[in-house]
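Below is one structure; the comments refer to it alone.
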């Protein structure tokens, strides 16, 4: 039997429900489905800031605690620090965009069954600092110090 036929036979004999053969986790697949849904909704409605914020707030309301409380605080911090950013959802997570491109986002711990939430920045954020800088921050709680640091980072990201 040729190597090509053996590979086809091997692929056919792998059970469809075999989780070890799946590349993405269930949470990752769900996030990708969310992104497709978001892109279709954005294409229908355009860049409607109010609709984006409504969707973002609905996603926050669905989060379990303590993610929900952190997401609410982060939303308030981002709105106060960079009112020009447009709230939206991105892969089912709260995100904030400038000129249609996501600058920063909040990943709840429950989303990917992680022990901490994260607040991250994409490459459109102006955070460059030498040859290396952080693009994501782990969050287990939000004190006044973390809130102040996030506000400063968001302001710098949109500068």
Quick one: grab the alpha carbon gyration tensor of region 72-140, order the square roots of its eigenvalues as a ≥ b ≥ c, and give me rounded if a/c is under 1.5, else prolate or oblate depending on whether a/b is larger than b/c. oblate
Starting with the fewest neighbours, write out 137, 91 ranked by other beta-carbon atoms found within 10 Å of each beta-carbon. 137, 91
Burial ordering of 32, 63, 132, fewest other beta-carbon atoms within 10 Å first: 132, 32, 63
Taking R0 as 25 Å, what's the FRET efficiency between residue 123 and residue 28 from their Cβ-Cβ distance, rounded to 0.05? 0.75
Taking a ≥ b ≥ c as the square roots of the Cα gyration tensor eigenvalues, with a/c under 1.5 meaning rounded and otherwise prolate when a/b beats b/c or oblate if not, region 25-158 comes out rounded
Sorted by Cβ neighbour density within 10 Å, fewest at the top, the residues 116, 96: 116, 96
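Coordinate-derived values only; no laboratory data. Just so it is clear, the model here is predicted, and its values are computed rather than measured. Don't worry about glycine lacking a Cβ; one is built from the backbone with ideal geometry, like all the others, and counts go over all protein chains shown.
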